[in-house]
Amino acid sequence: MNYLIEAFAWIFSPDRFSGTVPLPAALAQQLGYTALAVLIAALIAIPLGWLIGHTGRGREVAVAVSGAARAIPSFGLLVLLVLVLGVVKKPEAAIITFVVLAIPSILAGAYSGFEAVDRRTIDAARALGMTEWQVLWRVEVPLGLPLLVGGLRSATLQVVATVTIAAYVMPVGLGQYIITGLQLRQLDVLIGGAILVAALALVLDGLFAFAQRLVVPTGVSAAARVSAGKPPREVRKRSMSTSS
């Protein structure tokens, strides 16, 4: 219990905003590497996943590649790339590692979102005269967006955790506090760094969970409520206004 109290005292100490590793700078590095890696992975995985989901081709290959990529140990890949690219290119090695780890989740979310769309809905859109591009952007993308955001959510959490491990090979992010605590045997710094990483992961997870609910189309959420035996929001509002 004393260690936790000391860790929180270390976190909220005024010294965290100064010194060699200020907390705002470490937090910015953690978020910066995470955002850059997820953005690059999204630019690669989302078009590929949408292509697989729309055409139905290459799904087996995508599943195999995603499964193999998820089995790669993140720290081992990071060290390998540092040795291959050289110690002067540690940031590049780190970004490549983060991108490789983020692609499988985003790719799976992209193509599984399209696969979850009811084929009858797509056939109805084509029967109305929609082109393939219109079916893609007006039907498949909106309906598959929640699963895509779920893939981005999973990728972000994995990358933000891996950025912490990257502090073993270069001074970056919140992992610096954990490494410093281990080296100097300062448990307050070690536990404080771990608390900061966990808190950041929880905040990001909560934001993506909110975004995942936000992107659900209104018609889908209303249909889900009806199937669950709950009246839609409009019906409830009308009933409440009538009763009042």
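How many residues, within the range 91-120, are open to solvent by 60 Å² or more (accessible area, probe 1.4 Å) and more than 17 Å from the chain's Cα centre (by Cα)? Final tally of qualifying residues: 6. Scanning the range 158-176 for residues that are in contact with a helix residue (DSSP H, G or I) (Cβ under 6 Å, 6 or more places away or on another chain) and among the aliphatic types (A, V, I, L, M) turns up Val159, Val160, Val163, Ile165, Ala166, Ala167, Val169, Met170, Val172, Leu174. Trp50 fulfils the conditions (1) within 25 Å of Ala198 (Cα to Cα); (2) among the aromatic types (Phe, Trp, Tyr); (3) surrounded by 13 or more Cβ atoms within 10 Å (Cβ to Cβ) except for a single criterion, (1).
Of all residues in the range 176-189, count the ones that are surrounded by 19 or more Cβ atoms within 10 Å (Cβ to Cβ) and in contact (Cβ under 8 Å) with a residue 24 or more places away in the chain. So the count comes out to 4. For Gln29, the conditions (1) open to solvent by 60 Å² or more (accessible area, probe 1.4 Å); (2) within 18 Å of Ala69 (Cβ to Cβ); (3) touching a residue at least 40 places away in the same chain (Cβ under 8 Å) are fulfilled apart from (2). Looking across Leu152, Leu107, Leu147, one residue alone is under 19 Å from Val38 (Cβ atoms), free of Cβ contacts under 8 Å to residues at least 60 places away in the same chain and touching a helix residue (DSSP H, G or I) at 6+ places or on another chain (Cβ under 8 Å). It is Leu147.
The values are calculated or read from the model by the stated rules, or taken from the named source; none is laboratory data. In this text the structure is predicted, and so the values were computed from the model without any measurement. Methodologically, a virtual Cβ is constructed for each residue, glycine included, from the backbone with ideal geometry; neighbour enumeration extends over all protein chains shown. Remember, those area values only see protein heavy atoms, side chains included, never the ligands or the DNA or RNA. Shrake-Rupley method; radii C 1.70, N 1.55, O 1.52, S 1.80 Å.
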